[in-house]
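Engineer: Structure in structure tokens, see below.
Derivation of every value follows stated rules applied to the coordinates shown; laboratory data play no part. Source: prediction; values computed, not measured. We place every Cβ from the backbone using ideal geometry, glycine too, and count neighbours over all the protein chains shown.
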Amino acid sequence: MQWQGSRSDNARLTAALPGKDLALLQLEDGGGLIPASFYSGVVPDGVDVFAIGYPASVDVALEQSEADVLQPQVPVKARGSVSAGRSSKSVESILHTAPIAPGNSGGPVVDACGRVVGINSFGSVADGGGAEFYFAVSNRELSSFLANEGLDLRTVTGECRSVADLTRAEAEREAAARSKLEAEARIAAELQRSREGKVRRDAEHAVIGERENHMAFAALLLVLSAVAGGAAWQFTERGQRDRFKIAASVGAMMFIASLVIFAVRPSFDEIDERVRTAMTQNLRDEPVTPAKTMAANGKRRCVIQPERSRVTMSNTDDVLFDWSKSGCINGRTQYVESGEGWSRTFVPNNDAEVSLVSYAPASETYRIERYLLGMEAMEKAREARKRYDVTRCSNSPETIAKIDNMNKAVREILPATPNEILVFSCSGG
């Protein structure tokens, strides 16, 4: 068995179904192989597919010897499309136009996402210049074959979407979200202005009313002080000095009180101060949104968003983790802040894949980008990880710098686009 064009392994035949061109092999050393994912839905008519294998006609054209053929080689990939609605009578099959030849039998035919849609088997014979067509055994036949051997297929569902389509859709979604936030901000600002206007009117009415009350009371006291003064003058004329003193004292006190009450009446400048105080109190009384409170720390349950994802190999079960606002997940894995969220690269020792995982607490979005790499690229990625290996949570500058440098070193090795994109929406778990 050859894989990645540079390595070969021995395998043992454990089961076969010659009538349907299916066989089950057990590798003696399959370390590092990523299991293929099989598409379990209906293959759409006209969809692009790719036949992968080692056609003997290519070996003949290249004048390769038997010894050359046994050396690790890069497989041949041929493109075509599916013609739905036609199937062989003897076996459920998929009709397609991706060229195959003897040597392709048993090899996969995959869609643009790399998901296996069938196993190549045979082709039609072109007579009189007619076009050739090819047949692949359907995944349902393969699933039945493996079930008889006690094995399950690793299946995925959902539409195959290109990274470009996802990127464009994500940009449109973000633009729509920004527009919504801007509209909400405008409405909130308008409500704030309306609320402030009402508070200002209430404050103006209150200040004017209090000023009028103060001046009315001051005027009343002034009148009473005048009456007391008149009484004091009458008592003086009559020689009643004791009553004169009482009346004069009362009159003087009322006069002074009227001046004080007039002086302490609210000024119009107090309106602004009352508005500021009332608006500040309103902000304090507003309830805190639970989602924003939860975004700081705590457990998360993240659910896959199929419309934002490109699922090619992974299961889409809910993701559970415990988040700390310092960037620590589950108390043992430290992420670094980047842009609007936190991120970290993961390079496993065995599997030939690299994952770039990020979490944005503000939008509660958990994102996984997976890249399938060749042996040489994986070795470089593992070396980069070992140089900056961090095994525990810490927000010290040294640890953050190590993780940041590791992320940058691994990203330099990655191709421009990932093979798989999983986007999850999170909430308190």
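Engineer: Give the lysines reachable from LYS380 as a straight Cα distance under 29 Å; neighbours fewer than 8 places away on the same chain don't count.
Structural biologist: In chain and number order, the partners are LYS77, LYS402, LYS408.
Engineer: On to the next question. In the P(r) worked out for the stretch 177-247, what percent of Cα pairs fall beyond 14 Å? Write down the numbers at each step before the final one.
Structural biologist: Values: 1873 of 2485 pairs.
Percentage above 14 Å: 75.
Engineer: Just MET313, MET215, MET378 to compare: in a GNM of the chain, with alpha carbon springs under 10 Å, which one fluctuates most?
Structural biologist: For the chain, modelled as a Gaussian network with Cα springs under 10 Å, the answer is MET215.
Engineer: A further question follows. Per 5 Å bin, what is the whole-percent P(r) computed from every C-alpha pair distance within the stretch 2-160?
Structural biologist: For the stretch 2-160, the pair-distance distribution reads 2, 8, 16, 21, 21, 16, 10, 4, 1, 0.
Engineer: A follow-up question, please. Hey, what angle do you get for helix 139-148 against the long axis of the chain, alpha-carbon based, 0 to 90 degrees rounded to 10?
Structural biologist: Here the helix axis deviates by roughly 80 degrees.
Engineer: In debye, nearest 20: dipole of the stretch 2-160 around its Cα centre with unit charges on the Cβ of K, R (+) and D, E (-)? It would help to have the intermediate numbers written out before the result.
Structural biologist: Numbers: 10 positive and 18 negative charges, 69 e Å.
Using only the charged Cβ atoms, the result is roughly 340 debye.
Engineer: In addition: Can you check what the net charge comes to around ASN405, using other residues whose Cβ is under 14 Å from the Cβ of ASN405 (Lys, Arg +1; Asp, Glu -1)? Mind dumping the intermediate values first?
Structural biologist: Details: positive: ARG344, ARG385, LYS386, ARG387, LYS402, LYS408, ARG411; negative: GLU383, ASP389, GLU398, ASP404, GLU412.
With Lys, Arg at +1 and Asp, Glu at -1, the net is +2.
Engineer: Could you list the residues of the stretch 237-278 with an amide nitrogen less than 14 Å from a label point located 7 Å from the Cα of GLU196 in the Cα-to-C-beta direction?
Structural biologist: Backbone N within reach: 272-278.
Engineer: In the stretch 347-366, which residues have a backbone nitrogen under 17 Å from the label point lying 7 Å from GLN305's Cα in the Cα-to-Cβ direction?
Structural biologist: 357-366
Engineer: Hey, another quick one. Taking the Cα-to-Cβ direction at SER179 and at ARG140 and moving 7 Å from each Cα, how far apart do the two end points lie in nm?
Structural biologist: Taking the simple label geometry, SER179 and ARG140 are separated by 4.3 nm.
Engineer: Strictly greater than 17 Å: what percent of every Cα pair in the stretch 165-286 meets that? It would help to have the intermediate numbers written out before the result.
Structural biologist: Values: 5367 of 7381 pairs.
Distances greater than 17 Å cover 73 percent of the Cα pairs.
Engineer: Something else: Taking the highest mean first, how do the peptides 343-349, 412-418, 366-372, 221-227 order by number of other beta carbon atoms within 10 angstrom per residue? Kindly include the intermediate steps, with their values, before the conclusion.
Structural biologist: Details: 343-349: 18.0, 412-418: 13.9, 366-372: 20.9, 221-227: 16.1.
In descending order of packing, they fall as 366-372, 343-349, 221-227, 412-418.
Engineer: Of the candidates GLY150, GLY114, GLY80, which one comes out as most mobile in a Gaussian network treatment of the chain with C-alpha springs shorter than 10 Å?
Structural biologist: Per the Cα network of the chain with a 10 Å cutoff, GLY150 tops the list.
Engineer: How big is the gap, in Å, between the Cα center of the stretch 226-248 and the Cα center of the stretch 29-84?
Structural biologist: 123 Å
Engineer: Farthest toward the dipole's positive end in the stretch 301-361, which of ALA352, SER324, MET313, given Cβ charges of +1 (Lys, Arg) and -1 (Asp, Glu) about the Cα centre?
Structural biologist: SER324
Engineer: Starting from the Kirkwood radius over alpha-carbon pairs of the stretch 84-174, derive D by Stokes-Einstein at 10 °C in a medium of 1.306 mPa s and give it in µm² s⁻¹. Can you show the working numbers first?
Structural biologist: Working: Rh = 15.3 Å.
Using the Kirkwood radius from Cα pairs, D works out to 104 µm²/s.
Engineer: A further question follows. If you line up the long axis of helix 163-238 against the longest principal axis of the chain, both from Cα atoms, how many degrees apart are they, to the nearest 10?
Structural biologist: Once rounded, one gets 10 degrees.
Engineer: Using only the alpha-carbon atoms of the stretch 314-377 as identical scatterers, what base-10 log of I(q)/I(0) does the Debye formula give at q = 0.12, 0.22 Å⁻¹?
Structural biologist: -0.34, -1.00
Engineer: Additional query: Per residue, what volume in Å³ does the convex hull of the Cα atoms of the chain enclose?
Structural biologist: Details: hull volume 99.1 nm³, N = 429.
In the chain, the Cα hull volume divided by residue count equals 231 Å³.
Engineer: For LYS299, give me every one of the lysines with a C-alpha distance below 22 angstrom, ignoring sequence neighbours fewer than eight places off in its own chain.
Structural biologist: LYS325
Engineer: Report the FRET efficiency, 1/(1 + (r/R0)^6), for MET279 and SER396, where r is their Cβ-Cβ distance and R0 is 30 Å, rounded to 0.05. All intermediate terms of the calculation are to be shown ahead of the outcome.
Structural biologist: Working: r = 42 Å, r/R0 = 1.39.
It comes to 0.10.
Engineer: Skipping prolines and chain starts, which residues have an amide H placed within reach, meaning under 5 Å, of the one on ALA16, given they are 5 or more residues away or on another chain?
Structural biologist: Amide H neighbours of ALA16: LEU24.
Engineer: Starting from the Kirkwood Rh over alpha-carbon pairs, what translational D in µm² s⁻¹ does the stretch 318-429 have by Stokes-Einstein at 20 °C and 1.002 mPa s?
Structural biologist: Values: Rh = 14.5 Å.
For the chosen part, D equals 148 µm²/s.
Engineer: Next question, about the same structure. Fewest to most neighbouring Cβ within 10 Å: what's the order for LYS386, LYS20? All intermediate terms of the calculation are to be shown ahead of the outcome.
Structural biologist: Numbers: LYS386 10, LYS20 20.
Fewest to most other Cβ atoms nearby, the residues stand as LYS386, LYS20.
Engineer: Per residue of the chain, what 222 nm ellipticity follows from adding -39500 (n - 2.57) for every DSSP H run with n ≥ 4, rounded to the nearest 500? Don't skip to the answer; put the middle values down first.
Structural biologist: On the way: 9 runs with 168 residues, N = 429.
After summing the helix terms and dividing by residue count, I get -13500 deg cm²/dmol.
Engineer: Moving on. Projected onto the charge dipole of the chain (+1 at Lys/Arg Cβ, -1 at Asp/Glu Cβ, origin at the Cα centre), which of LEU17, MET279, ILE261 gives the Cα projection farthest towards the positive end?
Structural biologist: About the Cα centre, the residue reaching furthest to the positive side is ILE261.
Engineer: Same structure again: By how many degrees, 0 to 90 and rounded to 10, does the Cα axis of helix 397-411 deviate from the longest principal axis of the chain?
Structural biologist: 40 degrees
Engineer: Kindly state, to the nearest 0.05, the FRET efficiency for LEU62 paired with THR417, given R0 = 41 Å and r defined as their beta-carbon distance. Mind showing how you got there, number by number?
Structural biologist: Details: r = 31 Å, r/R0 = 0.75.
Efficiency for this residue pair is about 0.85.
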